[in-house]
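Here's the structure, in structure tokens; my notes come after.
Where a number appears in this text, it was derived from the coordinates with a stated rule and is not lab data. Note that the structure is predicted; figures quoted are calculated from it, not measured. Note that we place each Cβ from the backbone using ideal geometry, even for glycine, and neighbour counts take in every protein chain shown.
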Amino acid sequence: MSHSLLIAFIMFATVMFFTPGPNNIMLLSSGLTYGFRPTIPHIMGITVGFAFMVGAVGLGLGTIFIAYPVLQTILKYAGVAYLVYLAAHIAMSEPPSAEQDNSRGPMTFWGAAMFQWVNAKGWVMVIGTITAYAAIAAYPWNIAIQVALSLFLGVLSCTAWALFGTALRPVLTSRRAVRAFNIVMAVLLLASLYPVFMDV
């Protein structure tokens, strides 16, 4: 095992997991709007979904995208459309009240897990992880290490962002303040699409 490459991978993954991106912005907004406990399925969906994607691509699914590059294009624009939809959903979110219909709650486990496949930042992380750090150990142990670290760092970063949003609840007490905050989060979510269009 290359210990220096492993340390480099941990540093890369930590930066990518903890810096703002679609997942973290949505978790921040969900923590503020719904609280930490209802956001737990969203946290677990991101964590498990991303780690599964790392494993699937590392074990050979990536060759399908090399053979059929049109699939990458389809996923890219499906991701753009879904992020625009999520931005609109976040912008219109308000704290649920006792008399309010809470059917529009936080993202579900499966919704968050499936979102990873159309998340532009997620693909940057997966490609960087699989290609640049493949030599940390012999195959398939390198993939196992990458998946395990993705699970660990995913839980830490997702929990931190959701807790940050939850901590803002006592500060942003009015519905107007929550609505304004969520609109800012929606704009930041749309801004995260910038690298996608620069790659066109």
(message) If each residue of separation counts as 0.36 nm, what is the full-extension length gain between residue 92 and residue 67 once their alpha-carbon separation is subtracted?
(response) 5.0 nm
(request) Quick one: P(r) of the chain from all Cα-Cα pairs, 10 Å bins, percents rounded to integers, in order of increasing distance. (result) 9, 35, 33, 17, 6, 1
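If packing is taken as the mean number of other Cβ atoms within 10 Å per residue, what is the order of 26-36, 110-120, highest first?
Top of the packing list down: 26-36, 110-120.
Full-extension gain between residue 175 and residue 12, please, as 0.36 nm times their residue separation minus the C-alpha to C-alpha distance.
Going from the current span to full extension adds 54.9 nm.
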(request) Equivalent ellipsoid semi-axes for the stretch 102-187, as square roots of 5 times the alpha carbon gyration tensor eigenvalues: give them largest first, rounded to whole Å. (result) 34, 14, 12
(request) Could you calculate the FRET efficiency of residue 2 with residue 156 from 1/(1 + (r/R0)^6), where r is the beta carbon distance between them and R0 is 25 Å, rounded to 0.05? (result) 0.60
(request) Using per-residue counts of other Cβ atoms within 10 Å, averaged over each peptide, order 122-132, 66-76, 45-55, 175-185 from highest down. (result) 45-55, 122-132, 175-185, 66-76
(message) List the residue ranges in the chain for DSSP H helices whose C-alpha atoms run 18 angstrom or more along the long axis and whose Kyte-Doolittle average is 1.6 or above.
(response) 3-18
